[in-house]
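Just so you know, all these numbers are worked out from the coordinates, no wet-lab data involved. These numbers come from a predicted model, not from an experiment. Every residue, glycine among them, receives a Cβ derived from its backbone with ideal geometry; neighbour counts consider all protein chains shown.
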Amino acid sequence: MAQRYKIRRGDTLGKIARRFYGDARLYKKLALFNGIRNPSRIEVGQLIEVPSRGELLGGLVRPPAAAPGARPSGVAPLATPHGLDGVLATFGNIFNFIQEDGNLSPRWESQFLTRTRLPFSIPLSWDKSKIVRRLY
């Protein structure tokens, strides 16, 4: 599981990679994991995720074990995309969908997201009288 790290004065992704993984050469993978396009452009106070070494190197995140006696759902487990490369491979080059004003174009949603019905309803935490039955 990834932990959050706040960039301090003098930090580089190489130093952070050495501190957490014992290998400064993993700085590029750490940058990709965090969606940082230019690893030399980090700022003091910036928050990044520092995943486990296995996650960083692209290990499959296993879904939680089924409860005893539960029936298999018949749905294949999904691999979590890791880093910027994984996100781009899964969801397309999102940078092509950023509009002049910096917002994401609705075209991206229509091409890469789909609605799905939830197996159960979820009440909204801020208004318990409303529930969610579908998600993107």
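Structure summary
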{"read-out": "Distance between modelled label sites at K15 and D101, nm, 7 Å Cα→Cβ extension", "value": "4.0 nm"}
{"read-out": "Contour minus Cα-Cα distance for E109 and A24 (0.36 nm per residue)", "value": "26.9 nm"}
{"read-out": "Placed amide H near H82: partners under 5 Å, 5+ positions off or other chain", "value": "V87"}
{"read-out": "Residue exposure sequence - L56, L135 - by fewest surrounding Cβ within 10 Å", "value": "L135, L56"}
{"read-out": "Formal net charge of residues neighbouring L124 (Cβ-Cβ distance under 13 Å; K, R +1; D, E -1)", "value": "+2"}
